[in-house]
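The values are calculated or read from the model by the stated rules, or taken from the named source; none is laboratory data. This structure is a prediction, so every number in the text was calculated from the model and none was measured. Ideal geometry is used to build each Cβ from the backbone, glycine not excepted, and the neighbour counts take in all protein chains shown.
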Amino acid sequence: MVSISGILINHSNQLAIDSSHVTQAWLLDHYGIKPPNEIKIFQTKPLLAITDNLLWLNDKRILEANAPLISAMVYQQMFVAIDESNLYILSAEGELLEQQSRATGLPDNIEAIAIQKDRLFLKTQEGQFVADAELIEWAATTVKPTLVWQQGLDGRKITAAKAQVSLLSRSNNLTWERVLLDLHSGRIVGLSGQWLMDLVALSLIFMAFSGLYLWRQAKPKKRSKRP
């Protein structure tokens, strides 16, 4: 176990172990990794969901925000997501293209997002704002159309999707490299495992030195040459 785990750890980058995440629920439970506090599903094909501050596209994490995400949606073959102070624009493949904030003119204290007639609207504590066609300028709007603010989906089909996303979110916190390191050191079973591995190491050292001593004792002595 010590030898094999050590070899795997030594080549974790080449074997992609350092980027492979654990999806076994029992092992995640062993590490005490809990489900996310907030899970919202916005569409199922492709799967678009948020868990706390993470945005997911199918089984791929495409965004990690600094604050809990509020909502996400498809906009002009792109994805947009919001938290309280930021707007994130991502490509259809999930690549972050732009992040807007108060420093770039984005209104603050964002609460919701909506689309109407290819125009993007934000609901904030100070009122509603609408973006221009290039999503560069934001202007307060006095006209208040009937907007459908993007909310998470609900229903029986969504329950399975939420379970899938919850597992993805949990597995994001644990890689197989971490498991191998803990297995190699014995930390995977707590302090007793560490002491056990220390004992194994000391035993191997004792065997090496005692074996060398016994070999030296059993080695035939050279006969002195007669004159």
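Here are the numbers for the structure shown:
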item	result
Cβ-Cβ under 8 Å pairs, at least 6 apart or on other chains, segment 189-212 side within 19 Å of GLY6 (Cβ to Cβ), far side charged (D, E, K, R)	GLY193/ARG187; GLN194/ARG187
Breaking point among (1) closer than 13 Å to VAL165 by Cβ; (2) of a type in the set (Lys, Arg); (3) within 14 Å of the chain's Cα centre (by Cα), for LYS34	(1)
Output for segment 1-14, where each listed residue is surrounded by 15 or more Cβ atoms within 10 Å (Cβ to Cβ) and either at pLDDT 90 or above or not hydroxyl-bearing (Ser, Thr, Tyr) (or both)	LEU8, ILE9
Condition met for LEU8 (outside any strand (DSSP E or B), touching a residue at least 12 places away in the same chain (Cβ under 8 Å) and within 30 Å of GLY190 (Cα to Cα))	yes
Selection within segment 163-178 - touching a Ser or Thr at 6+ places or on another chain (Cβ under 9 Å) and not hydroxyl-bearing (Ser, Thr, Tyr)	VAL165, LEU167, LEU168, ARG170, ASN172, TRP176, GLU177
Positions within segment 23-63 being surrounded by 18 or more Cβ atoms within 10 Å (Cβ to Cβ), outside any helix (DSSP H, G or I) and either among the hydrophobic types (A, V, I, L, M, F, W, C) or not assigned by TED's automatic domain parsing to the domain that holds ALA161 (or both), in sequence order	ILE39, ILE41, PHE42, LEU48, ALA49, ILE50, LEU54, LEU55, TRP56, LEU57, ILE62, LEU63
